[in-house]
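As structure tokens, the structure follows; a few thoughts come after it.
The values are calculated or read from the model by the stated rules, or taken from the named source; none is laboratory data. The model shown is predicted, which means the values in this text are computed figures rather than measured ones. Note that each Cβ is placed from the backbone with ideal geometry, even for glycine, and that neighbours are counted across all protein chains shown.
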Amino acid sequence: MNQVRTNEPLVQQSLRETGTLGYGDFSRALAQSVVELDLQCSDPLQFRGSLSGNSYGDAHLLRIASTSQSVSRTPVMIERSPQKFYKFTVMERGSGVFVQDGREAVLNDGDMTIYATDLPYTLLFERDVRVSVLMFPKDMLRVPTALVQSMTGTRISGRSGIGSVVRPFVSALAAQLEDVEGAAGRRLLRSAVGLVGELIEPLGSGEGDRYSRLRREVADFIDEHLTDPDLDPSRVAAAHYVSIRQLYCAFEGTGVNVAGLIRSRRLERCLEELGDPRFASKTAAAIGLSNGFTDPTHFSRVFKARYGISPSSARHK
């Protein structure tokens, strides 16, 4: 048994194709890219694997290939590294079994699934496999936690409906993201997470809950008005002709409230602009102010809390 553990994510980290790796080197490379896992295989001397991908902020997209293996995330590991991420996985080649929440999903080529890193899970690949893995913070997905929880450990088809759009998008992005620079990569990765939300929400609730449309409209409204320093829940509620209480109810169970969503999207927009050459002439503080933050010190503090480094340091990543 060999345990591997993640490092804190960088604002942007390109993981170029590693080439074929043996068991130990693959374990160490994997440790730089995912949460702590117990990786096992029947014959470490015969094991081969490779991975590539990119990280933007605290979202990651990886392309992983290996011979047969199994990985588990245990309660002890979760206690040591309690990152709250979702992992959305596309089976590109081969087959595998994904187990979480007492449910078992058998995936073949083109199938997909979603699971959470703050709950135990097991993945079993009995033959050669290649997967694309989109890993992102739970609060980045604008879907109620309970609804996503109902979907973990279940098979999602990539051959029909929205799945037939999401699967090729994530697959193509995983194959090419290491060659996509800066802000474009961040926007594409955020678009991928948004597509996962569009896929998961109707599947998890049958017809979608009665607030799903309001949440999408609110998210679009927030994106359109991020530069307004007066943007707050009251203004959002008034613009959609609902009460503050109704607005809060719409986001109940999603893991984020409206004020948090505004702050999160402002930080994501700032991160994009800090890495975009078109904004090179603007200071980090000016970028924060132009995206609705009224106090440079507060902007720097919340940015560092989210991404682990200061806005000025992010500019050089």
* Structure fact -> Output for Cβ contacts, cut-off 8 Å, separation at least six or different chains, first residue modelled with pLDDT under 95 in region 151-170, second among the hydrophobic types (A, V, I, L, M, F, W, C) and assigned to a loop (DSSP other than H, G, I, E, B), reads Thr152/Leu119
* Asked: Say we look at region 71-80 and pick out the residues that are touching a residue at least 12 places away in the same chain (Cβ under 8 Å) and surrounded by fewer than 17 Cβ atoms within 10 Å (Cβ to Cβ); which of these is farthest from Asp43 (Cα to Cα)?
  -> Arg80
* Kindly establish whether Pro296 is crowded, with 17+ Cβ neighbours inside 10 Å, at pLDDT 90 or above and more than 25 Å from Ser55 (Cα to Cα). => no
* Asked: Conditions: (1) free of Cβ contacts under 8 Å to residues at least 40 places away in the same chain; (2) within 23 Å of Phe169 (Cα to Cα); (3) among the small types (Gly, Ala, Ser). Ser66 meets all but one. Number of the miss?
  -> (1)
* Structure fact -> With criteria (1) more than 19 Å from the chain's Cα centre (by Cα); (2) under 30 Å from Ser42 (Cα atoms); (3) not hydroxyl-bearing (Ser, Thr, Tyr), Arg210 comes up short on (2)
* Structure fact -> Among the residues of region 44-84, the number that are under 22 Å from the mean Cα position of the chain (by Cα), among the basic types (Lys, Arg) and assigned to a loop (DSSP other than H, G, I, E, B) is 1
* Asked: When region 160-203 is examined, which residues are found to be more than 15 Å from the chain's Cα centre (by Cα), small (Gly, Ala, Ser) and part of a helix (DSSP H, G or I)?
  -> Gly163, Ser164, Ala172, Ala175, Gly182, Ala183, Ala184
* Return a yes/no flag: does region 85-98 have any residue that is out of contact with any Ser or Thr (no Cβ under 7 Å at 6 or more places or on another chain), among the aliphatic types (A, V, I, L, M) and part of a strand (DSSP E or B). => yes
